[in-house]
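Reading through the structure tokens given below for one structure.
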Amino acid sequence: MVTREYPPFIVGGVGRHTYYLSKYLKKKGIDVKVISFGDPRLNNEDILFVKPNSSIISRESTNIAEDIKIPFDIMRLTGFIKTLLKNDRFDIVHVQEPYVGGLINYEYKVTTIHDTSFGEIKGYLKYFESESLKRTIFYITMGYAMEFSSIATSKIIINPSPDVVWEMVNVYKVSLEKIRLIPNGVEEPSTNEPDKNSARQMIGVSEDNFIIFTTAQHVARKRIETLIMASKILKEKKFKNFTVLIGGKGPLTEYFKKLVFDLDVHDVVRFIGWISDDKLPLYYKAADVFVITSEYEAGPLTMLEAGIRGVPLIVSNVSSGFMMIARDGIDCLKYRLGDFNDLAEKILLLANDDRLRRRLSRGAREFASLFKWDRIAEKTINVYKEVLAG
């Protein structure tokens with residue numbers, strides 16, 4: 001399994017997807033060795049880290065001196081994996097991120113393309129600032145090149161959502177016969193997780209506050225500014241005792257923080273930063289609602305993780321990922337993408353209707369339960385068998 005990031009060097013959904021998929025493949029008797037960037041001192045029999053010399057596992061603003069080393073890191077990783085493949089026999093090479101695995105040639109290679117350069121560029125073009133421009137240039141040049149290389153060198157491409165399948169077929173001109181649709185998964189919560197009030201005490205929020213929570217990488221397609229602007233509307237409508245918790249970091253973090261002060265909502269919006277896996281359940285348990293503002297998603301793990309815990313969901317009404325197939329008013333509430341007034345109205349509706357909250361809590365849990373990791377691992381094993389059978 002080849003990925004760009006992996007615990008504890010993890011800041012995004014692909015690394016977490018790789019972690020859980022590997023865990024459940026092992027439960028089903030599959031030997032898995034993961035190769036990723038990270039600290040080699042933490043190597044063990046299941047994971048081999050290659051020390052990065054560039055900004056390749058950074059999600060915050062970086063300098064050009066670090067960025068120009070990224071291609072050299074990718075070549076180093078490719079060389080490391082080629083040596084590994086010569087010395088050991090593996091049935092399957094499964095690349096979880098084409099940007100680092102596109103140059104790997106192996107007879108039985110599978111690549112999961114979670115989201116695409118095409119989708120990323122559409123989001124970044126909405127922000128005219130240096131970091132967005134730099135990332136747009138990356139996706140236009142290196143991003144597309146590595147994706148097409150991954151497609152050419154893989155027997156099967158796995159996509160986690162129908163809209164990414166559409167992009168593969170219509171933008172990248174991949175034959176539909178080469179694509180398999182396998183969504184992201186979710187793990188059942190631990191029975192040791194605290195109750196709501198205890199979770200709030202542990203993360204330092206008031207028991208009587210209405211907690212609105214989101215966490216995501218701070219990039220263009222996540223549209224986090226929509227929630228920040230909705231908080232301004234809530235404040236103007238005198239919505240009492242509410243707090244917006246925003247997890248994650250990224251190239252747009254400083255932009256979002258400035259927006260919070262410009263809108264004078266710094267008293268109701270808190271930035272949490274990256275939340276470790278052991279702390280993340282506390283925020284889900286403490287929340288009254290989990291919000292996803294994205295315009296483009298392959299299938300957000302956070303939506304399943306919040307839902308499996310019975311947290312009511314409010315999501316943008318996009319034809320993307322889980323948001324596309326979740327039922328409005330049953331599994332979640334949907335608001336018009338980018339419409340912060342509509343988002344604020346949906347939050348108020350949920351806050352003022354106990355029956356609706358209970359119904360959406362139940363619907364979110366039932367929806368997430370359709371995507372448990374053991375089922376996803378089984379579907380992935382079937383793809384491996386298909387590749388090995390030729």
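The values are calculated or read from the model by the stated rules, or taken from the named source; none is laboratory data. These numbers were taken from a predicted model, which means no experiment stands behind them. Note that each Cβ is placed from the backbone with ideal geometry, even for glycine, and that neighbours are counted across all protein chains shown.
The lone criterion from (1) without any contact (Cβ under 8 Å) to a residue 24 or more places away in the chain; (2) closer than 20 Å to residue 158 by Cβ left unmet by residue 13 is number (1). So, in the range 326-341, of the ones that are buried (at least 18 other Cβ atoms within 10 Å of the Cβ) and at pLDDT 95 or above, which residue ends up nearest to residue 241 (Cα to Cα)? Only one residue tops the list, namely 340.
One residue alone among 243, 226 is in contact with an Asp or Glu (Cβ under 8 Å, 6 or more places away or on another chain), over 24 Å from residue 25 (Cβ atoms) and of a type in the set (Ser, Thr, Tyr), and that residue is 226.
Scoring residue 333 on the criteria (1) part of a helix (DSSP H, G or I); (2) within 22 Å of the chain's Cα centre (by Cα); (3) not acidic (Asp, Glu) leaves a single failure, condition (1).
Hey, which of the helices (runs of 4 or more DSSP H) in the range 1-100, taking only ones fully inside, have at least 3 residues that are under 22 Å from residue 275 (Cβ atoms) and touching an Asp or Glu at 6+ places or on another chain (Cβ under 9 Å)? Give the steps one after another, and end with the answer.
Values: elements: 13-27, 64-67, 70-87.
Because the criterion is at least 3 residues that are under 22 Å from residue 275 (Cβ atoms) and touching an Asp or Glu at 6+ places or on another chain (Cβ under 9 Å), the helices (runs of 4 or more DSSP H) in the range 1-100 that meet it are 13-27.
Candidates in the range 283-302 are the residues that are modelled with pLDDT of 95 or more and among the hydrophobic types (A, V, I, L, M, F, W, C); of these, the one that is nearest to residue 220 (Cα to Cα) is 292.
Each row is one residue, and each column tells you yes or no for (1) part of a helix (DSSP H, G or I); (2) surrounded by fewer than 13 Cβ atoms within 10 Å (Cβ to Cβ); (3) in contact with a Leu (Cβ under 9 Å, 6 or more places away or on another chain); (4) modelled with pLDDT under 95.
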site	(1), (2), (3), (4)
346	yes, no, yes, no
359	yes, no, no, no
363	yes, no, yes, no
367	yes, no, yes, no
377	yes, no, yes, no
381	yes, no, yes, no
385	yes, yes, no, no
390	no, yes, no, yes
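Screening residue 276 against (1) under 30 Å from residue 139 (Cα atoms); (2) polar (S, T, N, Q); (3) surrounded by 14 or more Cβ atoms within 10 Å (Cβ to Cβ) leaves a single unmet condition, (3).
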